[in-house]
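The values are calculated or read from the model by the stated rules, or taken from the named source; none is laboratory data. Just so we're clear, the structure is a prediction, and the values are computed from it rather than from any experiment. Glycine also receives a Cβ, built like all others from the backbone with ideal geometry; neighbour counts cover every protein chain displayed. Just so you know, the surface numbers come from the protein's heavy atoms only, side chains and all, with ligands and any DNA or RNA stripped out. Shrake-Rupley method; radii C 1.70, N 1.55, O 1.52, S 1.80 Å.
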Amino acid sequence: MPLLVMKFGGTSVATLDRIRRAAKRVGREVAAGYDVIVIVSAMSGETNKLVGYVEETSQLYDAREYDAVVSSGEQVTAGLMALTLQEMSVPARSWQGWQVPLRTTGAHAAARIEEIATENINTKFGEGMRVAVVAGFQGIGPDGRVTTLGRGGSDTTAVAFAAAFKAERCDIYTDVDGVYTTDPRITDKARKLDRIAFEEMLELASLGAKVLQTRSVELAMRYNVRLRVLSSFEEQSDEAGTLICAEEDIVESKAVNGVAASRDEAKMTLISVADRPGIAAAIFVPLSEAGVNVDMIIQNISEEGRTDMTFSCPVAQVKRAEKALNDAKEAGDLNFRQVVADTEVAKISVVGIGMRSQSGVAAKMFQTLRDEGINIKVIATSEIKISVLVDRKYTELAVQALHDAFELEKA
Ligand code: ASP
Ligand code: MG
């Protein structure tokens, strides 16, 4: 039988009533002839509550016990969903990660999926089960203990199941009705996209469009899983939501398909660094060892053997970055005069696969920001993306102006 993966996020299973609504959708697909693997999140707010319990109990908590606690939210919704389906006379069974088993690395609280065994579930499908309800976000590590995949991980569970079971599609039911050209809270001109390429979604997901966990999109791209994001609160037609698919499935693409904003950025500048071979390594190796996620990097021209080096990183990592750099200086590995942090910046990016074949996108972006009087502090580009750092207070203005300039409200 053809197989679908349907994933329901926290808001879609927040109450028994909503679980019933979700189960009805599943029932319709079963009636249409599909076997279904349902992946569930915990009821909304539940994981936050559980994380809170752990943090209140133990500051430097043991990650194995963190996983034991926070994985429980999904266990509850999986069982409830299976019961609800049974009440509707749909043959359903729940599965926790270890029962599948879904094997992961041993990195507790941030595990990666290594393997999904299909045998147990397929045997049950063969015996007449029509729906396997799987607890998202969790698996079993090499130590035989429960692991979790990092916040938002049930999206990744869903895509991994779709790949392992060769599902026809992976539908992600959430509280938004699709992927938008930009955050609809910033401009009401934001438009829902019917289709978006994996690569664009990857850029938008990692740039702060918080619809899907980034890793789920990476996986979908790697295994070519057709991924659909849609709302569980609206009646759906077959064309509902946004299809995230391969570039070949998108006929004609505009130069820019989305504008993303990320507010929690910081810009750090090392002033007067001695410029010599190995200087970039001397700066960025200690930063990487300290777990700082460096994004954009600029090295200025040097004068009299000294240069300035600027980079961006999440604002929450500024203290850690400063410490790593000052430690390297004290150890004599690095020589600079001063490190200056600007913690009031935002990163604004325009994204589109059409950029590959159309020129003038950067020029248009810079002109647009100029016309609004917004100063650009750092620029970085890739094949399908241009990002700038600007003062954070201009976030909305920059997004609105770029959304207008690239005519994103028009299909
Ligand atoms: N319940 C987990 C979380 O809130 C996993 C998920 O919902 O994706 O992060
Ligand atoms: Mg989520």
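Sequence gap at least 6, Cα distance under 8 Å: using those rules, report the relative contact order of the stretch 262-411 to the nearest whole percent.
Taking the mean separation of contacting Cα pairs over the length of the stretch 262-411, I get 27 percent.
Take Val294, Val318 and sort them by solvent-accessible surface of the protein heavy atoms, 1.4 Å probe, largest at the top.
Details: Val294 50, Val318 5 Å².
Highest to lowest solvent-accessible surface, that is Val294, Val318.
What number, in percent, do you get for the relative contact order of the stretch 206-331 if the mean sequence gap of Cα pairs under 8 Å and at least 6 apart is divided by its residue count?
Worked out over the stretch 206-331, it gives 22 percent.
Given contacts defined as C-alpha pairs under 8 Å and at least six residues apart, what's the relative contact order of the chain, whole-number percent?
It rounds to 14 percent for the chain.
Can you sort Leu397, Leu212 by 1.4 Å-probe accessible area, starting with the largest?
Working: Leu397 60, Leu212 10 Å².
The residues order as Leu397, Leu212, largest area first.
What's the angle, to the nearest 10 degrees (0 to 90), between helix 279-289's Cα axis and the longest principal axis of the chain?
Value to nearest ten degrees: 30.
Distance check, please: which entries in Lys7/Lys210; Lys49/Lys319; Lys7/Lys166; Lys267/Lys347; Lys254/Lys347 exceed 19 angstrom between their Cα atoms?
Among Lys7/Lys210; Lys49/Lys319; Lys7/Lys166; Lys267/Lys347; Lys254/Lys347, the Cα-Cα distance tops 19 Å for Lys49/Lys319; Lys254/Lys347.
So for each of 385-396, 109-120 I average, over its residues, the number of other beta carbons within 10 Å; can you give me the resulting order with the highest mean first?
Ranked by mean Cβ neighbours within 10 Å, highest first: 385-396, 109-120.
Keeping all protein chains in place, calculate the accessible area per residue for the stretch 230-301 (probe 1.4 angstrom), answer in Å².
Values: 3500 Å² over 72 residues.
It amounts to 49 Å² per residue over the stretch 230-301.
Rank by packing, highest mean first: peptides 401-407, 54-60, with packing defined as the count of other Cβ atoms within 10 Å averaged across residues.
Numbers: 401-407: 19.4, 54-60: 10.3.
Packing proxy ranking, top to bottom: 401-407, 54-60.
Treating the angle as unsigned and between 0 and 90°, give the value, to the nearest 10°, between the Cα long axis of helix 361-371 and the longest Cα principal axis of the chain.
Here the helix axis deviates by roughly 70 degrees.
Under a 1.4 Å probe, what is the accessible area of the stretch 331-411 per residue, stated in Å²?
That works out to 47 Å² for each residue.
Note the angle between two axes, namely the Cα long axis of helix 154-164 and the longest principal axis of the Cα atoms of the chain, as a number of degrees from 0 to 90, rounded to the nearest 10.
Here the helix axis deviates by roughly 70 degrees.
Hey, can you rank 349-358, 325-334 by average C-beta count inside 10 Å, highest first? Could you put the intermediate results ahead of the total?
Details: 349-358: 20.2, 325-334: 14.8.
Put in order of decreasing packing, that is 349-358, 325-334.
Hull surface divided by four, with the convex hull built on the Cα atoms of the stretch 74-168: how many nm²?
5.9 nm²
Within the chain, what whole-number % of the accessible surface is contributed by carbon and sulfur, with the 1.4 Å probe and all protein chains included in the calculation?
Ligands and nucleic acids excluded, carbon and sulfur reach 47 percent.
Between rounded, prolate and oblate, where does the stretch 243-396 land on the alpha carbon gyration tensor, with a ≥ b ≥ c its root eigenvalues, rounded for a/c under 1.5, else prolate if a/b exceeds b/c? Write down the numbers at each step before the final one.
Working: a/c = 2.09, a/b = 1.96, b/c = 1.07.
In terms of gyration-tensor shape, prolate.
What accessible area per residue, rounded to a whole number of Å², is obtained for the stretch 25-110 using a probe radius of 1.4 Å?
Value for the stretch 25-110: 48 Å² per residue.
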